[in-house]
Amino acid sequence: MLSNYCNRKMKILLVNTSERVGGAAIAASRLVRALNNRGEQAKILVRDRQTQNPYVEVLPQNRLLLKSKFCAERLKIVLANGFSRENLWAIDTATHGTDITQLECFREADVIHLGWINQGMLSLRNIRRIIDSGKKIVWTLHDMWPCTGICHHAEKCEGWLNGCGDCPKLKNPSPDDLSATTFRRKAEAYGEGRICFVACSHWLADIARRAPLLKGCRVESIPNPIDTDFYTPADKQAARKRLGLPEKKKLLLFVAYKATDTQKGINYLIEATEIIAARRPEWAGRVGVVPVGREASTLKDAFACDCYPIDYVEDPEKMRDLYRAADLLVMPTLMDNLPNTIVEAASCALPCIGFQIGGLPQMVQNGINGYLSRYRDSEDFARLCMQTLFGDDYERLAKGALRVARDTYSEQVVASKYIDLYTSL
(Lines give C-alpha, C1' and ligand atoms only; values in the text may rest on other atoms or scores of the structure.)
Protein backbone atom coordinates (compact mmCIF):
# COMPACT_ATOMS: atom_id res chain seq x y z
CA MET A 1 0.00 0.00 0.00
CA LEU A 2 2.83 2.41 0.85
CA SER A 3 4.48 1.70 -2.49
CA ASN A 4 1.25 2.43 -4.35
CA TYR A 5 0.84 5.72 -2.48
CA CYS A 6 4.42 6.82 -3.19
CA ASN A 7 3.99 6.04 -6.89
CA ARG A 8 0.67 7.90 -7.15
CA LYS A 9 0.68 11.12 -9.12
CA MET A 10 0.32 14.19 -6.94
CA LYS A 11 -2.64 16.46 -7.63
CA ILE A 12 -1.55 20.09 -7.37
CA LEU A 13 -3.87 23.10 -7.65
CA LEU A 14 -2.19 26.42 -8.31
CA VAL A 15 -4.30 29.49 -7.53
CA ASN A 16 -3.65 32.83 -9.24
CA THR A 17 -5.80 35.83 -10.12
CA SER A 18 -4.94 35.70 -13.82
CA GLU A 19 -3.84 32.95 -16.18
CA ARG A 20 -1.49 34.97 -18.40
CA VAL A 21 -1.44 38.67 -17.42
CA GLY A 22 1.54 39.63 -15.27
CA GLY A 23 4.78 37.91 -14.33
CA ALA A 24 3.24 35.84 -11.52
CA ALA A 25 0.53 34.50 -13.85
CA ILE A 26 3.03 33.56 -16.53
CA ALA A 27 5.24 31.84 -13.95
CA ALA A 28 2.29 29.86 -12.54
CA SER A 29 1.13 28.74 -15.99
CA ARG A 30 4.64 27.61 -16.87
CA LEU A 31 4.94 25.67 -13.62
CA VAL A 32 1.64 23.88 -14.33
CA ARG A 33 2.93 22.78 -17.72
CA ALA A 34 6.28 21.71 -16.27
CA LEU A 35 4.65 19.67 -13.49
CA ASN A 36 2.38 17.88 -15.93
CA ASN A 37 5.34 17.16 -18.18
CA ARG A 38 6.98 15.53 -15.18
CA GLY A 39 4.00 13.20 -14.71
CA GLU A 40 2.15 15.04 -11.92
CA GLN A 41 -1.47 16.21 -12.18
CA ALA A 42 -1.45 20.01 -11.97
CA LYS A 43 -4.15 22.59 -12.67
CA ILE A 44 -4.39 26.35 -12.24
CA LEU A 45 -7.50 28.03 -10.82
CA VAL A 46 -7.96 31.63 -11.96
CA ARG A 47 -10.45 34.46 -11.98
CA ASP A 48 -9.33 35.75 -15.38
CA ARG A 49 -8.80 33.21 -18.14
CA GLN A 50 -6.97 34.10 -21.36
CA THR A 51 -6.66 30.74 -23.18
CA GLN A 52 -8.53 27.47 -23.59
CA ASN A 53 -5.79 25.45 -21.92
CA PRO A 54 -7.41 22.27 -20.50
CA TYR A 55 -5.35 22.59 -17.32
CA VAL A 56 -7.08 25.89 -16.45
CA GLU A 57 -10.06 26.07 -14.07
CA VAL A 58 -12.10 29.27 -13.69
CA LEU A 59 -14.01 30.56 -10.68
CA PRO A 60 -17.63 29.45 -11.19
CA GLN A 61 -19.22 32.79 -10.31
CA ASN A 62 -20.50 35.03 -13.09
CA ARG A 63 -18.35 37.91 -14.35
CA LEU A 64 -20.64 40.58 -12.94
CA LEU A 65 -20.34 39.22 -9.40
CA LEU A 66 -16.58 38.89 -9.68
CA LYS A 67 -16.33 42.42 -11.03
CA SER A 68 -18.47 43.74 -8.18
CA LYS A 69 -16.12 42.16 -5.62
CA PHE A 70 -13.14 43.75 -7.32
CA CYS A 71 -14.82 47.19 -7.38
CA ALA A 72 -16.05 46.89 -3.77
CA GLU A 73 -12.51 46.21 -2.57
CA ARG A 74 -11.09 49.16 -4.52
CA LEU A 75 -13.85 51.43 -3.18
CA LYS A 76 -13.15 50.38 0.39
CA ILE A 77 -9.49 51.29 -0.08
CA VAL A 78 -10.40 54.70 -1.51
CA LEU A 79 -12.76 55.43 1.41
CA ALA A 80 -10.26 54.28 4.02
CA ASN A 81 -7.62 56.44 2.36
CA GLY A 82 -9.56 59.68 2.75
CA PHE A 83 -11.30 59.45 -0.62
CA SER A 84 -7.90 59.43 -2.32
CA ARG A 85 -6.86 57.23 -5.26
CA GLU A 86 -3.22 57.70 -4.33
CA ASN A 87 -1.31 54.40 -4.50
CA LEU A 88 -4.58 52.61 -5.29
CA TRP A 89 -2.79 49.88 -7.24
CA ALA A 90 0.21 49.70 -4.92
CA ILE A 91 -1.83 48.33 -2.01
CA ASP A 92 -4.29 45.49 -1.37
CA THR A 93 -6.44 44.55 1.61
CA ALA A 94 -7.93 41.16 0.62
CA THR A 95 -11.36 42.03 2.01
CA HIS A 96 -13.20 40.37 -0.88
CA GLY A 97 -12.77 37.08 -2.66
CA THR A 98 -14.24 33.64 -3.34
CA ASP A 99 -14.35 30.58 -1.10
CA ILE A 100 -12.69 27.90 -3.25
CA THR A 101 -12.72 25.12 -0.64
CA GLN A 102 -15.99 23.67 -1.94
CA LEU A 103 -14.82 23.39 -5.55
CA GLU A 104 -14.14 19.93 -6.89
CA CYS A 105 -10.66 20.87 -8.08
CA PHE A 106 -9.83 21.98 -4.52
CA ARG A 107 -11.25 18.87 -2.84
CA GLU A 108 -9.27 16.59 -5.19
CA ALA A 109 -5.94 18.37 -4.71
CA ASP A 110 -3.16 17.08 -2.48
CA VAL A 111 -1.37 20.43 -2.54
CA ILE A 112 -2.81 23.95 -2.76
CA HIS A 113 -0.23 26.27 -4.26
CA LEU A 114 -1.07 29.98 -3.97
CA GLY A 115 0.47 32.61 -6.22
CA TRP A 116 -0.60 36.24 -6.74
CA ILE A 117 -4.17 36.18 -5.38
CA ASN A 118 -5.07 39.86 -4.96
CA GLN A 119 -7.69 42.21 -6.43
CA GLY A 120 -10.72 40.17 -5.45
CA MET A 121 -9.43 36.62 -6.05
CA LEU A 122 -9.07 35.50 -2.41
CA SER A 123 -9.88 37.31 0.81
CA LEU A 124 -8.03 36.74 4.06
CA ARG A 125 -11.10 34.86 5.28
CA ASN A 126 -10.83 32.61 2.21
CA ILE A 127 -7.17 31.98 2.98
CA ARG A 128 -8.09 31.02 6.55
CA ARG A 129 -10.57 28.44 5.22
CA ILE A 130 -7.89 26.99 2.94
CA ILE A 131 -5.61 26.58 5.95
CA ASP A 132 -8.41 25.02 8.03
CA SER A 133 -9.00 22.45 5.29
CA GLY A 134 -5.83 20.67 6.37
CA LYS A 135 -4.38 20.60 2.84
CA LYS A 136 -0.69 21.02 2.21
CA ILE A 137 -0.22 24.71 1.36
CA VAL A 138 2.58 26.37 -0.58
CA TRP A 139 2.53 30.10 -1.28
CA THR A 140 4.94 31.58 -3.81
CA LEU A 141 5.94 35.15 -3.00
CA HIS A 142 6.08 37.31 -6.12
CA ASP A 143 6.34 40.49 -4.04
CA MET A 144 6.23 41.54 -0.38
CA TRP A 145 2.46 41.68 0.09
CA PRO A 146 2.09 38.51 2.22
CA CYS A 147 4.73 39.97 4.59
CA THR A 148 3.30 43.49 4.94
CA GLY A 149 0.05 45.13 5.98
CA ILE A 150 -1.12 46.34 2.58
CA CYS A 151 1.77 47.18 0.23
CA HIS A 152 3.35 45.04 -2.47
CA HIS A 153 6.72 46.78 -2.18
CA ALA A 154 7.70 48.39 1.11
CA GLU A 155 10.69 50.17 -0.45
CA LYS A 156 12.52 51.89 2.44
CA CYS A 157 9.70 51.48 4.98
CA GLU A 158 10.24 48.85 7.70
CA GLY A 159 6.85 49.14 9.35
CA TRP A 160 6.13 45.53 8.36
CA LEU A 161 8.67 44.49 11.01
CA ASN A 162 6.51 46.07 13.74
CA GLY A 163 2.87 45.62 12.84
CA CYS A 164 2.70 48.44 10.25
CA GLY A 165 0.78 51.67 10.89
CA ASP A 166 1.77 55.20 9.83
CA CYS A 167 1.91 53.83 6.29
CA PRO A 168 3.73 56.13 3.81
CA LYS A 169 1.51 54.88 0.99
CA LEU A 170 -1.63 56.33 2.60
CA LYS A 171 -2.79 59.94 2.34
CA ASN A 172 -3.57 60.21 6.06
CA PRO A 173 -1.30 57.73 7.88
CA SER A 174 -1.85 57.01 11.56
CA PRO A 175 -0.76 54.38 14.10
CA ASP A 176 -4.01 52.46 13.57
CA ASP A 177 -4.51 53.08 9.85
CA LEU A 178 -5.51 50.64 7.11
CA SER A 179 -2.06 49.04 7.06
CA ALA A 180 -2.16 48.27 10.80
CA THR A 181 -5.69 46.85 10.80
CA THR A 182 -4.96 44.69 7.74
CA PHE A 183 -1.72 43.49 9.36
CA ARG A 184 -3.71 42.24 12.35
CA ARG A 185 -6.24 40.54 10.06
CA LYS A 186 -3.40 38.76 8.29
CA ALA A 187 -1.93 37.59 11.59
CA GLU A 188 -5.30 36.08 12.52
CA ALA A 189 -5.77 34.49 9.09
CA TYR A 190 -2.40 32.88 8.48
CA GLY A 191 -2.09 30.57 11.43
CA GLU A 192 1.46 30.25 12.71
CA GLY A 193 3.60 27.78 10.79
CA ARG A 194 0.82 26.34 8.61
CA ILE A 195 2.06 27.62 5.24
CA CYS A 196 5.28 26.88 3.37
CA PHE A 197 6.38 30.08 1.63
CA VAL A 198 8.54 30.02 -1.48
CA ALA A 199 10.35 33.16 -2.59
CA CYS A 200 11.40 33.52 -6.21
CA SER A 201 14.66 35.14 -5.13
CA HIS A 202 17.13 34.86 -2.26
CA TRP A 203 16.52 38.56 -1.58
CA LEU A 204 12.80 38.04 -1.00
CA ALA A 205 13.44 34.84 0.96
CA ASP A 206 15.60 36.82 3.39
CA ILE A 207 12.76 39.34 3.82
CA ALA A 208 10.26 36.51 4.41
CA ARG A 209 12.43 34.98 7.13
CA ARG A 210 12.48 38.34 8.94
CA ALA A 211 8.74 38.97 8.60
CA PRO A 212 6.77 38.63 11.88
CA LEU A 213 3.66 37.63 9.91
CA LEU A 214 5.49 34.54 8.62
CA LYS A 215 6.95 33.55 11.98
CA GLY A 216 7.28 29.79 12.32
CA CYS A 217 6.66 29.18 8.63
CA ARG A 218 9.05 27.30 6.41
CA VAL A 219 10.65 29.54 3.76
CA GLU A 220 12.38 28.27 0.63
CA SER A 221 13.84 29.95 -2.46
CA ILE A 222 12.94 28.53 -5.88
CA PRO A 223 13.11 30.61 -9.08
CA ASN A 224 10.37 30.95 -11.66
CA PRO A 225 10.65 28.54 -14.60
CA ILE A 226 10.90 29.35 -18.31
CA ASP A 227 10.59 27.19 -21.41
CA THR A 228 14.19 27.03 -22.64
CA ASP A 229 13.01 25.01 -25.66
CA PHE A 230 10.86 27.98 -26.75
CA TYR A 231 13.13 30.88 -25.79
CA THR A 232 16.17 30.14 -27.93
CA PRO A 233 18.73 32.16 -29.90
CA ALA A 234 18.06 32.67 -33.62
CA ASP A 235 19.02 34.89 -36.53
CA LYS A 236 19.09 38.52 -35.33
CA GLN A 237 18.57 40.15 -38.72
CA ALA A 238 15.59 37.94 -39.56
CA ALA A 239 13.93 38.90 -36.25
CA ARG A 240 14.53 42.59 -36.95
CA LYS A 241 12.95 42.34 -40.38
CA ARG A 242 9.84 40.73 -38.91
CA LEU A 243 9.59 43.52 -36.32
CA GLY A 244 10.44 46.37 -38.65
CA LEU A 245 13.53 47.35 -36.65
CA PRO A 246 16.75 48.76 -38.15
CA GLU A 247 19.31 46.14 -39.11
CA LYS A 248 22.52 48.03 -38.33
CA LYS A 249 21.78 49.71 -34.99
CA LYS A 250 22.88 48.48 -31.58
CA LEU A 251 19.48 48.02 -29.92
CA LEU A 252 18.76 48.41 -26.19
CA LEU A 253 15.58 46.57 -25.18
CA PHE A 254 13.52 47.94 -22.26
CA VAL A 255 10.45 45.92 -21.21
CA ALA A 256 7.76 46.79 -18.65
CA TYR A 257 4.01 46.31 -18.35
CA LYS A 258 3.81 50.11 -18.45
CA ALA A 259 6.83 51.57 -20.20
CA THR A 260 6.49 54.94 -18.46
CA ASP A 261 6.46 53.40 -14.96
CA THR A 262 9.07 55.31 -12.98
CA GLN A 263 9.55 52.32 -10.65
CA LYS A 264 10.92 50.42 -13.66
CA GLY A 265 13.58 53.09 -13.98
CA ILE A 266 12.71 54.58 -17.36
CA ASN A 267 14.04 58.00 -16.27
CA TYR A 268 17.46 56.51 -15.57
CA LEU A 269 17.56 54.95 -19.02
CA ILE A 270 16.69 58.32 -20.56
CA GLU A 271 19.48 59.96 -18.57
CA ALA A 272 21.91 57.22 -19.62
CA THR A 273 21.27 57.91 -23.31
CA GLU A 274 21.82 61.63 -22.69
CA ILE A 275 25.16 60.86 -21.04
CA ILE A 276 26.20 58.68 -23.97
CA ALA A 277 25.20 61.35 -26.48
CA ALA A 278 27.12 64.03 -24.60
CA ARG A 279 30.32 62.05 -24.11
CA ARG A 280 30.41 59.73 -27.12
CA PRO A 281 28.24 61.28 -29.85
CA GLU A 282 29.74 58.96 -32.46
CA TRP A 283 28.37 55.99 -30.48
CA ALA A 284 24.97 57.54 -29.81
CA GLY A 285 24.27 57.61 -33.53
CA ARG A 286 24.78 53.86 -33.69
CA VAL A 287 22.44 53.08 -30.76
CA GLY A 288 18.66 52.75 -30.63
CA VAL A 289 16.24 52.12 -27.75
CA VAL A 290 13.26 49.75 -28.08
CA PRO A 291 10.84 50.46 -25.18
CA VAL A 292 8.11 47.83 -24.93
CA GLY A 293 4.93 48.25 -22.86
CA ARG A 294 1.85 50.34 -22.43
CA GLU A 295 2.36 54.04 -23.22
CA ALA A 296 5.64 53.24 -25.02
CA SER A 297 4.68 55.55 -27.88
CA THR A 298 4.83 58.55 -25.54
CA LEU A 299 8.58 57.92 -25.21
CA LYS A 300 9.26 58.36 -28.93
CA ASP A 301 11.20 61.61 -28.42
CA ALA A 302 12.39 61.04 -24.86
CA PHE A 303 15.82 59.58 -25.60
CA ALA A 304 19.01 61.17 -26.89
CA CYS A 305 19.13 58.50 -29.60
CA ASP A 306 16.70 56.87 -32.01
CA CYS A 307 13.67 55.22 -30.40
CA TYR A 308 11.44 52.44 -31.73
CA PRO A 309 8.49 52.10 -29.31
CA ILE A 310 6.34 48.96 -29.27
CA ASP A 311 3.07 48.63 -27.36
CA TYR A 312 2.54 45.95 -24.69
CA VAL A 313 3.23 42.51 -26.16
CA GLU A 314 1.01 39.56 -25.24
CA ASP A 315 2.17 37.23 -28.04
CA PRO A 316 5.07 35.06 -26.75
CA GLU A 317 6.44 34.59 -30.26
CA LYS A 318 6.67 38.34 -30.81
CA MET A 319 8.34 38.76 -27.43
CA ARG A 320 10.84 36.07 -28.37
CA ASP A 321 11.58 37.95 -31.59
CA LEU A 322 12.28 41.09 -29.57
CA TYR A 323 14.84 39.26 -27.44
CA ARG A 324 16.45 37.83 -30.56
CA ALA A 325 16.48 41.21 -32.31
CA ALA A 326 18.06 43.18 -29.43
CA ASP A 327 21.73 43.50 -28.50
CA LEU A 328 21.22 44.21 -24.82
CA LEU A 329 18.42 44.03 -22.24
CA VAL A 330 18.40 47.12 -20.01
CA MET A 331 16.71 46.78 -16.59
CA PRO A 332 17.14 49.95 -14.51
CA THR A 333 14.29 48.81 -12.26
CA LEU A 334 14.25 50.39 -8.80
CA MET A 335 12.55 47.43 -7.07
CA ASP A 336 12.03 43.94 -8.44
CA ASN A 337 11.96 40.35 -7.29
CA LEU A 338 13.05 37.92 -10.03
CA PRO A 339 11.89 39.35 -13.37
CA ASN A 340 10.87 36.76 -15.96
CA THR A 341 12.14 39.17 -18.62
CA ILE A 342 15.78 38.73 -17.63
CA VAL A 343 15.62 34.94 -17.82
CA GLU A 344 13.65 34.88 -21.07
CA ALA A 345 16.19 37.23 -22.62
CA ALA A 346 19.10 35.17 -21.30
CA SER A 347 17.62 32.02 -22.81
CA CYS A 348 17.77 33.87 -26.16
CA ALA A 349 21.46 34.65 -25.46
CA LEU A 350 20.77 38.31 -24.60
CA PRO A 351 22.98 39.82 -21.84
CA CYS A 352 21.50 42.24 -19.30
CA ILE A 353 22.50 45.47 -17.56
CA GLY A 354 20.57 46.29 -14.38
CA PHE A 355 20.83 48.04 -11.04
CA GLN A 356 22.16 46.20 -8.02
CA ILE A 357 18.79 45.89 -6.29
CA GLY A 358 16.25 43.25 -5.21
CA GLY A 359 16.64 39.88 -6.88
CA LEU A 360 18.82 41.12 -9.76
CA PRO A 361 22.17 40.25 -8.12
CA GLN A 362 20.98 36.63 -8.05
CA MET A 363 20.21 36.72 -11.78
CA VAL A 364 22.89 38.92 -13.32
CA GLN A 365 26.44 37.77 -12.61
CA ASN A 366 29.03 40.43 -13.37
CA GLY A 367 31.12 39.44 -16.36
CA ILE A 368 29.19 36.19 -16.84
CA ASN A 369 25.80 37.12 -18.36
CA GLY A 370 25.85 40.91 -18.00
CA TYR A 371 26.71 43.60 -15.44
CA LEU A 372 25.17 45.28 -12.41
CA SER A 373 25.34 49.05 -12.15
CA ARG A 374 25.50 51.10 -8.99
CA TYR A 375 21.95 51.77 -7.79
CA ARG A 376 20.30 54.87 -9.30
CA ASP A 377 23.57 55.80 -11.04
CA SER A 378 22.78 56.75 -14.65
CA GLU A 379 26.42 57.46 -15.44
CA ASP A 380 27.56 54.00 -14.33
CA PHE A 381 24.61 52.46 -16.17
CA ALA A 382 25.59 54.25 -19.39
CA ARG A 383 29.22 53.19 -19.01
CA LEU A 384 28.30 49.51 -18.64
CA CYS A 385 25.93 49.63 -21.61
CA MET A 386 28.66 51.01 -23.86
CA GLN A 387 31.27 48.64 -22.44
CA THR A 388 29.03 45.68 -23.25
CA LEU A 389 27.89 46.82 -26.69
CA PHE A 390 31.25 48.01 -28.01
CA GLY A 391 33.70 45.95 -25.93
CA ASP A 392 35.39 42.66 -26.66
CA ASP A 393 33.37 40.49 -24.25
CA TYR A 394 29.95 40.54 -25.92
CA GLU A 395 30.03 37.01 -27.39
CA ARG A 396 31.25 35.57 -24.08
CA LEU A 397 28.45 37.33 -22.20
CA ALA A 398 25.84 36.08 -24.67
CA LYS A 399 27.03 32.48 -24.24
CA GLY A 400 27.11 32.93 -20.48
CA ALA A 401 23.52 34.19 -20.47
CA LEU A 402 22.34 31.14 -22.38
CA ARG A 403 24.20 28.75 -20.07
CA VAL A 404 22.85 30.35 -16.87
CA ALA A 405 19.26 30.27 -18.17
CA ARG A 406 19.37 26.59 -19.08
CA ASP A 407 21.21 25.43 -15.97
CA THR A 408 19.13 27.37 -13.43
CA TYR A 409 15.71 28.32 -14.79
CA SER A 410 14.58 25.57 -17.16
CA GLU A 411 11.15 24.10 -16.48
CA GLN A 412 12.66 20.70 -15.77
CA VAL A 413 15.02 22.06 -13.12
CA VAL A 414 12.38 24.20 -11.36
CA ALA A 415 9.64 21.55 -11.51
CA SER A 416 11.97 19.03 -9.85
CA LYS A 417 12.59 21.44 -6.99
CA TYR A 418 8.87 22.00 -6.44
CA ILE A 419 8.11 18.26 -6.58
CA ASP A 420 10.75 17.67 -3.91
CA LEU A 421 9.18 20.43 -1.83
CA TYR A 422 5.62 19.11 -2.18
CA THR A 423 6.79 15.61 -1.22
CA SER A 424 8.63 16.88 1.86
CA LEU A 425 5.67 18.74 3.37
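The values are calculated or read from the model by the stated rules, or taken from the named source; none is laboratory data. What you see is a predicted model; the values in this text were computed from it and never measured. Glycine gets a Cβ as well: all are built from the backbone with ideal geometry, and neighbour counts include every protein chain shown. Side chains are part of the model used for accessible areas, which takes the heavy atoms of the whole protein and leaves out ligands, DNA and RNA. Shrake-Rupley method; radii C 1.70, N 1.55, O 1.52, S 1.80 Å.
Extending each Cα 7 Å along its Cβ direction at residue 395 and residue 215, get the distance between those two points in nm, one decimal.
Each label point lies 7 Å from its Cα, and together they span 5.8 nm.
According to the Kirkwood expression over distinct Cα-Cα pairs, how big is the hydrodynamic radius of the stretch 296-348, in Å? Can you show the working numbers first?
Working: mean 1/r = 0.0786 Å⁻¹.
Over the stretch 296-348, the inverse of the mean reciprocal pair distance is 12.7 Å.
Roughly how much of residue 98 is accessible, in Å² to the nearest 10, using a 1.4 Å probe?
Ignoring ligands and nucleic acids, residue 98 comes out at about 10 Å².
Treating only the Cβ atoms of Lys and Arg (+1) and Asp and Glu (-1) as charged, compute the dipole magnitude of the stretch 35-124 about its Cα centre; round to the nearest 20 debye.
Details: 11 positive and 10 negative charges, 72 e Å.
Rounded to the nearest 20 debye, it is 340 debye.
List the lysines whose Cα sits under 25 Å from the Cα of residue 215, skipping any in the same chain fewer than 8 residues away.
Straight-line reach from residue 215, under 25 Å: 135, 136, 156, 169, 186, 417.
Charges at C-beta only: +1 for Lys and Arg, -1 for Asp and Glu. How large is the resulting dipole of the stretch 88-247 about its Cα centre, in Debye rounded to 20?
Magnitude of the dipole: close to 100 debye.
Counting other C-beta atoms within 10 Å, and keeping those with at most 16, which DSSP coil GluC sites (Glu not before Pro) do you find in the stretch 71-139?
Numbers: sites: 73, 86, 104, 108; in loops: 86.
Sites meeting the loop and neighbour criteria: 86.
For Cα pairs less than 8 Å apart in space and 6+ apart in sequence, what is the mean separation divided by the residue count of the chain, i.e. the relative contact order in percent?
Working: 850 pairs, mean separation 54.4, N = 425.
The value is 13 percent.
Once the principal axes of the Cα atoms of the stretch 1-90 are found, what is the range along each, listed largest first in whole angstroms?
60, 24, 24
Ignoring ligands, DNA and RNA, how do 111, 255 rank by accessible area with a 1.4 Å probe, largest first? Kindly include the intermediate steps, with their values, before the conclusion.
On the way: 111 0, 255 25 Å².
Final ranking, largest accessible area leading: 255, 111.
What's the whole-number percent of alpha carbon pairs in the stretch 278-319 lying beyond 14 angstrom?
Values: 453 of 861 pairs.
Here the tail beyond 14 Å accounts for 53 percent of pairs.
When the C-alpha atoms of the chain are aligned to their principal axes, what extent does each axis show, in angstrom, from largest down?
Principal extents (Cα only, largest first): 65, 57, 39 Å.
Note down the magnitude of the dipole of the chain about its Cα centre, charges +1 on Lys and Arg C-beta and -1 on Asp and Glu C-beta and zero elsewhere, to the nearest 20 debye.
Working: 58 positive and 50 negative charges, 159 e Å.
With only Lys, Arg, Asp and Glu charged at Cβ, the dipole is about 760 debye.
Trypsin sites (Lys or Arg not before Pro), restricted to the stretch 100-204: which are DSSP loop and have at most 13 other Cβ atoms within 10 Å?
Numbers: sites: 107, 125, 128, 129, 135, 136, 156, 169, 171, 184, 185, 186, 194; in loops: 135, 156, 169, 171, 194.
Answer by residue number: 156.
Give, as a single signed number, the net charge of other residues whose beta carbon lies under 15 Å from the beta carbon of residue 143, with Lys and Arg counted +1 and Asp and Glu -1.
-2
Once Lys and Arg get +1 and Asp and Glu get -1 on their Cβ, which of 127, 345, 332 lies farthest toward the positive end of the dipole of the chain?
127
If each DSSP helix of 4+ residues adds -39,500 (n - 2.57) and the sum is divided by the residues in the chain, what number results at 222 nm, nearest 500 deg cm²/dmol? Before the final figure, lay out the partial values.
Numbers: 16 runs with 165 residues, N = 425.
The per-residue figure over the chain is -11500 deg cm²/dmol.
So for the stretch 301-405, what are the equivalent ellipsoid semi-axes in whole Å, largest first, each being the square root of 5 times an eigenvalue of the Cα gyration tensor? Please report the intermediate quantities before stating the final value.
Values: eigenvalues 69, 60, 46 Å².
After scaling each eigenvalue by five and taking roots: 19, 17, 15 Å.
Which semi-axis lengths, in whole Å and largest first, follow from the square roots of five times the eigenvalues of the Cα gyration tensor of the stretch 120-174?
Working: eigenvalues 135, 31, 21 Å².
Taking √(5λ) for each Cα gyration eigenvalue gives 26, 12, 10 Å.
What are the membrane-span-like helices in the chain by this rule: whole DSSP H runs, Cα extent along the axis at least 15 Å, mean Kyte-Doolittle hydropathy at least -1.0?
Both cut-offs are met by 23-37, 63-80, 178-190, 266-279, 378-390, 394-408, 411-424.
Please go through the stretch 82-123 and write out the chymotrypsin sites (Phe, Trp or Tyr not before Pro) that DSSP classes as loop and that have at most 12 other C-beta atoms within 10 Å.
Values: sites: 83, 89, 106, 116; in loops: 83, 89, 116.
Within the stretch 82-123, the qualifying chymotrypsin sites (Phe, Trp or Tyr not before Pro) (loop, at most 12 other Cβ atoms within 10 Å) are 83, 89.
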